[in-house]
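What follows is one structure encoded as structure tokens, with my remarks underneath.
The values are calculated or read from the model by the stated rules, or taken from the named source; none is laboratory data. Please read all numbers here as calculations on a predicted model, not as lab measurements. Every residue, glycine among them, receives a Cβ derived from its backbone with ideal geometry; neighbour counts consider all protein chains shown.
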Amino acid sequence: MAGRLGLCGRVLYDILMYNLQSNPDSPPSLLLECDHTAVPSLIKLLKMYKIRKKVDICSVADEYTVWALLPGTSDPPVFVSDTGLSVIDPRLPDLGNRVVLKSGTNLVFDCVEGTSEDYHTHRYQLGVGEGVNDLPTGNCTPLECNLAFLNGVSFDKGCYVGQELTARTHHTGVIRKRLMPVTLDRPASLEAGSTLTNEKGKNVGKFRHAQGVHGIALVRLAHSQEKLYCKQDSGEEVGLKAETPKWWPQDPQQA
């Protein structure tokens, strides 16, 4: 996994990277998976940094299909071939396998086909943000959206855009808010970016998105165990409960 940061160290795009080089004799080839709405702007941004390098950057959105194989009773195979690849999701094993196949290739795994809603519900229950709905462009740092816990940040890497804030926060700072899974009292239409409050009316976070009663929100850790509330457009309040994911380290305030 990777994150494309802006100059201020905030996440522009979250990206999954795959090595498509099936044998040592074939030319190097990387496939980047991102939110489909971000493809044009991401390509434009990458080409700005291409300079004089002999690198071809183009959209292959019509050439591949992406599948998420959620964990089941058996482990699907891991492979890279001329028709695509299957890998354990690089963010978190609990997300299952990520399968990228050339369009027209049949999915030959022993599985039951679900819906995108099934995938998002599973992801929200785990507390994993993805795409511009959960990670609005330029609105949160990579540590706040848990990229360091999801193999998306290397603190040993050399200079990169947005490094200063990320490294400084990691070495000297404390993360006061993080993306967390939330459970709504009932299905509700909540606007992304709506303010979360506690029983005292204090601003303690921002709602991001939900599928049914399962969602994700940016929550201040000091208030994450309190009863949370978010207002609908009608003014009616909906109760929410944040949960600490089991895959987090023991002290989530540290980067």
*Out of all the residues in segment 40-59, is one or more under 25 Å from GLU113 (Cβ atoms) and either among the aromatic types (Phe, Trp, Tyr) or part of a helix (DSSP H, G or I) (or both)?*
no
*Just checking, how many residues over segment 237-246 are in a strand (DSSP E or B) and hydroxyl-bearing (Ser, Thr, Tyr)?*
0
*asked:* Checking GLN211 against (1) surrounded by fewer than 18 Cβ atoms within 10 Å (Cβ to Cβ); (2) farther than 14 Å from LYS241 by Cα, only one condition comes out false. Which one?
replied: (1)
_I'd like to verify a number: residues in segment 6-21 that are among the hydrophobic types (A, V, I, L, M, F, W, C) and either assigned by TED's automatic domain parsing to the domain that holds LEU147 or in a loop (DSSP other than H, G, I, E, B) (or both), how many?_
3
*asked:* Could you go through segment 169-191 and let me know if any residue there is touching a Phe, Trp or Tyr at 6+ places or on another chain (Cβ under 7 Å), aliphatic (A, V, I, L, M) and in a loop (DSSP other than H, G, I, E, B).
replied: yes
*Does LEU45 satisfy the condition of being farther than 27 Å from HIS122 by Cβ and touching a strand residue (DSSP E or B) at 6+ places or on another chain (Cβ under 8 Å)?*
yes
_Residues satisfying the stated conditions in segment 193-236, i.e. part of a loop (DSSP other than H, G, I, E, B) and touching a His at 6+ places or on another chain (Cβ under 6 Å)_ = ASN198
_Can you go through PRO28, PRO71, PRO76, PRO24 and tell me which one is in a loop (DSSP other than H, G, I, E, B), surrounded by 16 or more Cβ atoms within 10 Å (Cβ to Cβ) and free of Cβ contacts under 8 Å to residues at least 40 places away in the same chain?_
PRO76
*Under 7 Å by Cβ, and 6 or more places apart or on different chains, what pairs join a residue from segment 191-218 that is β-branched (Val, Ile, Thr) with one that is surrounded by fewer than 15 Cβ atoms within 10 Å (Cβ to Cβ) and in a loop (DSSP other than H, G, I, E, B)?*
VAL213/ARG186; VAL213/PRO187
*Inspect segment 181-192 for any residue being closer than 18 Å to ASP251 by Cα and either modelled with pLDDT under 95 or in contact with a helix residue (DSSP H, G or I) (Cβ under 8 Å, 6 or more places away or on another chain) (or both) and give the result as yes or no.*
yes
*Determine whether segment 46-62 contains at least one residue that is closer than 30 Å to TRP247 by Cβ and touching a Ser or Thr at 6+ places or on another chain (Cβ under 9 Å).*
no
*Keeping to segment 79-103, report how many residues are in a loop (DSSP other than H, G, I, E, B) and under 19 Å from GLU130 (Cα atoms).*
5
_Within segment 46-63, tally of residues that are surrounded by 10 or more Cβ atoms within 10 Å (Cβ to Cβ) and under 22 Å from LYS102 (Cα atoms)_ = 6
